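Accompanying notes for the structure given below.
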Amino acid sequence: MTDIAIVGAAQTGYRRRIDDANFSEMVYEVTSGALADAGLSIDDIDNFITVSNDFWDGRTISSMAVQDACGSSYQGGRNVSTVEGDGTFGLLYGMMRILSGAYKTTLVVVHCKGSEGNMRQITNGMFDYIYTRPLGIEATAAAAMQARCYMDRYGLTEEDFAHVSVKNRGNARLNPHAQLAAEMTIEDVMTSKMMAAPLKIHDLSPISDGAAAVILADRNTASKLGRKPVWIKGIAHCSEAHYLGDRDLAEAPALRDAAHRAYGMAGVENPFEEIDVVELYDAYSYMEPLWLEELGFCPRGKGGELTRLGATAFDGPVPVNPSGGVLSAHAVLVAGLARVIEATLQIRGEAGERQVEGPVELALAHGINGPCGQSHCVVILGE
Amino acid sequence: MEKSELLHLQVVVELPYRWAAGRNGSLMLKALRDEKKIIGNRCPECRKVYVPPRAVCGPCFIAPDETVELPATGILAGYSVVNYPFIDPETGEKRPVPYTYGYIQLDGCDSYLSHFVNETDPARLSPGLRVEAVFKPDGERVGQMQDILHFKVSEEKGG
Ligand SMILES: [Zn+2]
């Protein structure tokens, strides 16, 4: 599919706390940045998608409060629509709105500040309020259960997961946008503070502030721009049950399904052979091998081995998260669109020091939302 | 049919936040706290003056780049006398009723600032009434909108 292209992108640096910009100031920064990157002006944008979450922002209808900053109130106002979920879901929605034929271009912008609220309380707030939420479960405790299920199913070890943290935090040293970058050893991860067994603090992504924006354009518009378009070759979003007890946490059927559909659109038959670089949503270290299995890069239970053997290393056959991934910067919701931007930069050959070796013709970006990856969006980007 | 008991779960959800005021917000709140001054900014394109200072002029999609100091005086543009209690987010206590909530256009400003007005008799309120900011005393201002106690109705007649 070469109907819709990414023609502009920008992201803030991701930091533990961004004090010199409020939501509007962050959104304006990345909107202006994406327009400059595309060589477009606000006059050229006829549709806007804002993505945010009310609990994180601490206000209701948070996505409708950044209209000046994202440009949708330009000249009295343009069409704007909102998504509460990962930035990749906003990308999919923006793409569909162009495909409707009503718009030529769409700006998708997402913001979140993890530093301003209380992560544990906010993620506790996503669980069932009658039966589950009062017991205190939140994102990390839920993830720990999933990590344990996954380990038990395939005999994986905590060391298997530690390899992911070492790789991604190491990669982050090449990415000026990343928040946590470090040369670490397996022992550093293994001896780090136990948070929720089996997850230790270095298995966890950080709390981050940040924003990101991309500009989408239809084929006609994209082809006229000076910049090389990065086409959305395939995209799919799938979701499974909300209640963790209804799910087999050692598997992610929604991801499997989304991958199958996105590969079908893009004509991908063997992802390991055909995809040159992967940026996926590793909110916790164990997620990277689990997601890779469901994405079909290796058989079930072999994701840990893939990492240990170096297949996903920066200079490996399929570099996974050369940016450092979500383990190195996790502005919630923003992180999925950041994966799309990283994949876009790789295809353009503009990823700077973190540019992987060899031509990148096809890249995979992935976003999640909900406990233990309830919803997944898979995006296949290509030249 | 026998009526069965239906239960409710009553909870108080406490969600603390620490919002960054950002560059423009910090500029305004600092001026209120330290100098009892009201700061706005001006759009380089349409020349509109905004209070509070904005990150972006929406209609022009440009960041206002000129800081403007506004007088504490202006006109009451819109208002309502509110007759039901509201839990003050700052104190957790019920705000005394009635109170008047107004949109004020400061002299030389194009946008409207929302605040309290110290007149609660609807018969004595009308659009265009001259008003003036009353600041909290020195030592009590902390860098927030409530550093302005309210706007009082001025003696001088509005135009
Ligand atoms: Zn203007």
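The values are calculated or read from the model by the stated rules, or taken from the named source; none is laboratory data. Everything quoted here is computed from the prediction, not taken from an experiment. Methodologically, a virtual Cβ is constructed for each residue, glycine included, from the backbone with ideal geometry; neighbour enumeration extends over all protein chains shown.
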Check region B:19-41 and report whether any residue there is surrounded by 15 or more Cβ atoms within 10 Å (Cβ to Cβ), more than 19 Å from the chain's Cα centre (by Cα) and either over 30 Å from A:LEU135 (Cα atoms) or within 14 Å of chain A (Cβ to nearest Cβ) (or both).
no
Selection from region B:77-94 of residues that are within 30 Å of B:ASP107 (Cβ to Cβ) and at pLDDT 85 or above:
B:ALA77, B:GLY78, B:TYR79, B:SER80, B:VAL81, B:VAL82
Residue that is assigned to a strand (DSSP E or B) and touching a Lys or Arg at 6+ places or on another chain (Cβ under 7 Å), where the choices are A:ALA236, A:ALA250
A:ALA236
Screening A:ALA266, A:ALA250 for residues that are more than 17 Å from the chain's Cα centre (by Cα), modelled with pLDDT of 95 or more and closer than 22 Å to A:ILE4 by Cβ leaves only A:ALA266
Give me the pairs, please: first residue somewhere in region B:29-53 and hydroxyl-bearing (Ser, Thr, Tyr), second residue anywhere and not in a loop (DSSP other than H, G, I, E, B), beta-carbon distance under 6 Å, and either six or more positions apart or on two chains.
B:TYR50/B:GLY40; B:TYR50/B:ASN41
Among the residues of region B:20-45, how many are of a type in the set (S, T, N, Q) and within 16 Å of the ligand (Cβ to nearest atom)?
2
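Could you say which residue among A:THR106, A:THR88, A:THR60 is farther than 23 Å from A:GLN179 by Cα, of a type in the set (Val, Ile, Thr), more than 14 Å from chain B (Cβ to nearest Cβ) and in contact with a helix residue (DSSP H, G or I) (Cβ under 7 Å, 6 or more places away or on another chain)?
Within the list A:THR106, A:THR88, A:THR60, the selection yields A:THR106.
Out of the residues in region B:84-109 that are of a type in the set (Phe, Trp, Tyr) and farther than 30 Å from A:VAL27 by Cβ, which is farthest from the ligand (Cβ to nearest atom)?
B:TYR84
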Could you tell me whether region A:134-156 includes any residue that is among the acidic types (Asp, Glu), in a loop (DSSP other than H, G, I, E, B), in contact with a His (Cβ under 8 Å, 6 or more places away or on another chain) and within 14 Å of chain B (Cβ to nearest Cβ)?
no
In this structure, is A:VAL278 in contact (Cβ under 8 Å) with a residue 12 or more places away in the chain, in a helix (DSSP H, G or I) and buried (at least 24 other Cβ atoms within 10 Å of the Cβ)?
no
Within region A:13-25, is even one residue assigned to a helix (DSSP H, G or I), aromatic (Phe, Trp, Tyr) and within 12 Å of chain B (Cβ to nearest Cβ)?
yes
So which residues in region A:319-359 are among the charged types (D, E, K, R), surrounded by fewer than 24 Cβ atoms within 10 Å (Cβ to Cβ) and either out of contact with any Pro (no Cβ under 6 Å at 6 or more places or on another chain) or closer than 22 Å to A:ASP57 by Cα (or both), if there are any at all?
A:ARG348, A:GLU350, A:GLU353, A:GLU357
Take region A:26-52 and flag every residue that is small (Gly, Ala, Ser) and either outside any loop (DSSP other than H, G, I, E, B) or free of Cβ contacts under 8 Å to residues at least 24 places away in the same chain (or both).
A:SER32, A:GLY33, A:ALA34, A:ALA36, A:ALA38, A:SER41
Tally time: how many residues in region A:63-85 are more than 14 Å from chain B (Cβ to nearest Cβ) and either touching an Asp or Glu at 6+ places or on another chain (Cβ under 6 Å) or of a type in the set (Gly, Ala, Ser) (or both)?
3
Could you pull out every one of the strands (runs of 3 or more DSSP E) wholly within region B:15-90 that has 1 or more residues that are aromatic (Phe, Trp, Tyr)?
B:73-82
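Mind listing just one residue for me: the one in region B:46-83 that is more than 14 Å from chain A (Cβ to nearest Cβ) and within 16 Å of the ligand (Cβ to nearest atom) and, of those, surrounded by the most Cβ atoms within 10 Å (Cβ to Cβ)?
Looking at the filtered set, the residue picked out is B:VAL51.
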Being away from every other protein chain (no Cβ under 12 Å) and within 19 Å of the chain's Cα centre (by Cα): is that true of A:ILE49 here?
yes
Could you tell me whether A:ALA38 is within 19 Å of the chain's Cα centre (by Cα) and either surrounded by fewer than 21 Cβ atoms within 10 Å (Cβ to Cβ) or within 21 Å of A:LYS224 (Cβ to Cβ) (or both)?
no
